[in-house]
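Throughout, read-outs are computed from the coordinates displayed, never taken from laboratory work. Model, not experiment: these values are computed from the prediction. Backbone-built Cβ (ideal geometry, glycine too); neighbour counts: all protein chains shown.
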Ligand code: 6PG
């Protein structure tokens, strides 16, 4: 089961090879048939330790930060830079494990603004040279219905930062064709085709990076929209009065919650009130859509001290 542990991690460098890791092996079809749920992992194994890459424990400076009582693992880093490093360690660990066991790695990234410094660091920080881009399928969690060259296109930014520089094979970089009327249908087809090369039990996204809007939306799952009720499709449209324009195409709960590993990156003091409300309030997912992110795999919240701070804290 997912352990509801809350941890404060001040490690500056956390080797991806020193922690035991777990892989979920239940099929995506099971997730499609169920609403948000938790269930046991299938497979657990460890990669061999690397002797010259041990974590460097640091004494926390100042009082321990508060850890919001969210579900899943909560990792509060000292600042955005350390939060990005912790997220990067998770990414390297998962990528190598998936390539080792299945030969490829399905990675889905979000837009918004928070993750872009992290995306930049993936291309520039030597720590990430080991990422197996040649074996990675890159997906986008959601897209705005604008042309690729529009400033609001999530893919445009991800393409400029990652696709152009990572060496990922073009056929493995999967944009949502946002201006096509049936964009969601096309993307679902692309996902199912790519997944079909795997054993049925492994047909899922391996790593999903989500953000959180200040109204509690995640991906392009906005409050009070029909997209929140989707239980069958992997990708759907999302529009309506609560959607920040333009209209969107988004991965759905069934696809996101079937993922092997989901990381939510929420940084900065402007995220703090919503983190607190999500962690302690009684609103349900129709009001705060991020509350239905309950993956069958691992969920990690990557916060910094500012976003984790309690009100008046
Ligand atoms: C999008 C997103 C969205 C985003 C949040 C947080 O395309 O808008 O994928 O879900 O992650 O709105 O956005 P910020 O990082 O800009 O706060």
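Worth pointing out:
- Of 301, 139, 133, the sequence from fewest to most neighbouring Cβ atoms within 10 angstrom is 133, 139, 301.
- Difference of contour (0.36 nm per residue) and Cα-Cα distance, residue 224 to residue 312: 28.7 nm
- Among 152, 232, a tally of other beta-carbon atoms within 10 Å of each Cβ gives an order, fewest to most, of 232, 152.
- Here r is the Cβ-Cβ distance between residue 171 and residue 120 and R0 is 41 Å; the resulting FRET efficiency, rounded to 0.05, is 0.95.
- By average C-beta atoms within 10 angstrom, highest first, the peptides 219-226, 77-84: 219-226, 77-84
- Using the Cα coordinates of the stretch 125-220, the gyration tensor eigenvalues translate into equivalent-ellipsoid semi-axes of 21, 19, 15 Å, sorted from longest to shortest.
- In plain terms, the chain from residue 149 to residue 247 could stretch by 33.6 nm, reckoned as 0.36 nm per residue minus the Cα-Cα distance.
- Length released on extending from residue 181 to residue 283, taking residue separation times 0.36 nm less the Cα-Cα span: 33.4 nm
- Overall form of the stretch 205-245 per C-alpha gyration tensor (a/c, 1.5; a/b vs b/c): oblate
- Shape category assigned to the stretch 68-308 from the gyration tensor of Cα positions, a/c cut at 1.5: rounded
- Shape category assigned to the stretch 152-274 from the gyration tensor of Cα positions, a/c cut at 1.5: rounded
- Taking other C-beta atoms within 10 Å as the exposure proxy, 168, 158 rank 168, 158 from fewest upward.
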